[in-house]
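Below is one structure, written out as structure tokens, with a few remarks after it.
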Amino acid sequence: MVEPHGKTWTSRRGSNSRLESDPVIDIPLTPSGDARPGNKPPAASPFISLFLPFFSSYGSSDFGYANLTTAFIIGAWYFSNIGVLLLNKYLLSIYGYRYPIFLTMIHMVFCSLYSAAAVRWFRLVPLQSVSSRPQLLKIAALSAIFCFSVVCGNTSLRYLPVSFNQAIGATTPFFTAVFSLLITCHRETGTVYLTLLPVIIGIVLASNSEPLFHLFGFLVCVGSTAGRALKSVVQGILLTSDAEKLNSMNLLMYMSPIAAAMLLPLTLLIEGNIAASTAAKAAMDPRLLLYLFANATVAYLVNLTNFLVTKHTSALTLQVLGNAKAAIAAIVSVFIFQNPVTVMGMTGFGITIFGVVLYSEAKKRSKISSASPSSPPNSSSS
């Protein structure tokens, strides 16, 4: 889900252990320089050692430890992101479990449990509390947008192949730029807006050439993509004060149960007696419960690995990996599900990815240019 591109909050390092910077990427992330290759592993390394116990023999400053840990985390990020897409597609389209709202609610319940364990038990990040009722209402608003995005994304997989789903999802920067302009009146440079042209041209070509194009699936997938962009922009507006900033793990811990509570009446109203339907299906095929458990677990790992990749590398690295992930997921899905593709469709997808890469580079150059100090005006002495 993961939906997984917004403002980057910065604070002086060590000024407050409860407040950390948090670039917003689908589920907002928390970058940190503690785990750069060659640096001392962060305090969270015992958590990683649960998965890599043989790494504990390395010295705390060993370069190999950092490299191997980072490589493992990046591999887990790819596995979880592509895995949840394929599992969702299999359950909702191939297996015939056609309950995307209930499936999303299961994801949220598991995210609540796993997030609480990661923050309160493993102490992956410092625990941050909700300080006021207004802050809780803001988190609830973000949860509603998040629910809309994830439900639309899962629903689209009932009707569209994963490859086309990923092509549409790659247009997130376009919607982020639009919402930033409409809601915050933030204008990008002309170069940044120019790089969005191949993003749009590519998706138009891919849509016109998609053999399994489905109008409803296309619309809800666009809604999911727009929802991810809207969430990142709205979070930048709502959680602005230092007292309200939450890192990604804490925000997920508070958002997930609220999202699950919102989805429960929706699934009962739209999808009927889902508990009885799931029980009946599980009685016929007990593997369904294993599929649901694996699906929800991998969905949480998307958020966890998003956080860890950014912590051990950078937000920019995550963006680069995300561009490659979309292409890899599309290729893997074609091999697994054997959905037909056209040369023009793949060309359009490639143009969209190329546009996203150009957009990321233009944004980076724009930020560097705006951050560089201007030269002081010349003054003549008398």
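Placing +1 on the Cβ of each Lys and Arg and -1 on the Cβ of each Asp and Glu in the stretch 104-247, which of G190, A140, Q128 has its Cα farthest towards the positive end of the resulting dipole?
Q128
For the stretch 322-372, what is the accessible area per residue in Å² when the probe is 1.4 Å?
On the way: 2770 Å² over 51 residues.
For the stretch 322-372, the per-residue accessible area is 54 Å².
With the cut-off at 1.5 for a/c, could you classify the stretch 296-340 from its C-alpha gyration tensor as rounded, prolate or oblate?
Details: a/c = 4.78, a/b = 1.66, b/c = 2.87.
Taking the square roots of the gyration eigenvalues as a ≥ b ≥ c, the stretch 296-340 is oblate.
For S163, S132, give the ranking by accessible area with the largest first, probe 1.4 Å.
S132, S163
On average, how much accessible surface per residue is there in the stretch 138-284, in Å², for a 1.4 Å probe, leaving out ligands, DNA and RNA?
39 Å²
Find the relative contact order for the stretch 136-245 and round it to a whole percent, using C-alpha pairs within less than 8 Å whose residues are 6+ positions apart. Could you put the intermediate results ahead of the total?
Working: 100 pairs, mean separation 55.5, N = 110.
Across the stretch 136-245, relative contact order equals 50 percent.
Using 0.36 nm times the number of residues separating Q338 and L215, minus their current alpha carbon distance, what extension gain do you get?
Details: separation 123, 0.36 × 123 = 44.28 nm, distance 2.09 nm.
Length gained between Q338 and L215: 42.2 nm.
How large, in percent, is the carbon and sulfur part of the accessible surface of the stretch 173-274 at a probe radius of 1.4 Å? It would help to have the intermediate numbers written out before the result.
Working: 3300 of 4450 Å².
Result for the stretch 173-274: 74 percent of the exposed heavy-atom area is carbon or sulfur.
As an exercise, identify the trypsin sites (Lys or Arg not before Pro) in the stretch 175-281 lying in DSSP coil whose Cβ has no more than 15 other Cβ atoms within 10 Å.
Details: sites: R187, R228, K231, K245, K281; in loops: R187, K245.
Taking the stretch 175-281 and a limit of 15 other Cβ atoms within 10 Å, the loop trypsin sites (Lys or Arg not before Pro) found are R187.
Among I274, S369, L301, whose Cα sits farthest toward the positive end of the charge dipole of the stretch 273-370 (+1 at Cβ of Lys/Arg, -1 at Cβ of Asp/Glu, about the Cα centre)?
Checking the options against the dipole of the stretch 273-370, the answer is S369.
Which whole-angstrom value gives the distance between the alpha carbon centres of the stretch 113-180 and the stretch 212-276?
Distance between centres, Cα-based: 5 Å.
Set Lys and Arg Cβ to +1 and Asp and Glu Cβ to -1, take the dipole of the stretch 60-219 about its Cα centre, and tell me which of G75, L87, V162 lies farthest positive.
Final value for the positive-end residue is L87.
The values are calculated or read from the model by the stated rules, or taken from the named source; none is laboratory data. Note that this is a predicted model, so its numbers are computed, not measured. Note that we place each Cβ from the backbone using ideal geometry, even for glycine, and neighbour counts take in every protein chain shown. Remember, those area values only see protein heavy atoms, side chains included, never the ligands or the DNA or RNA. Shrake-Rupley method; radii C 1.70, N 1.55, O 1.52, S 1.80 Å.
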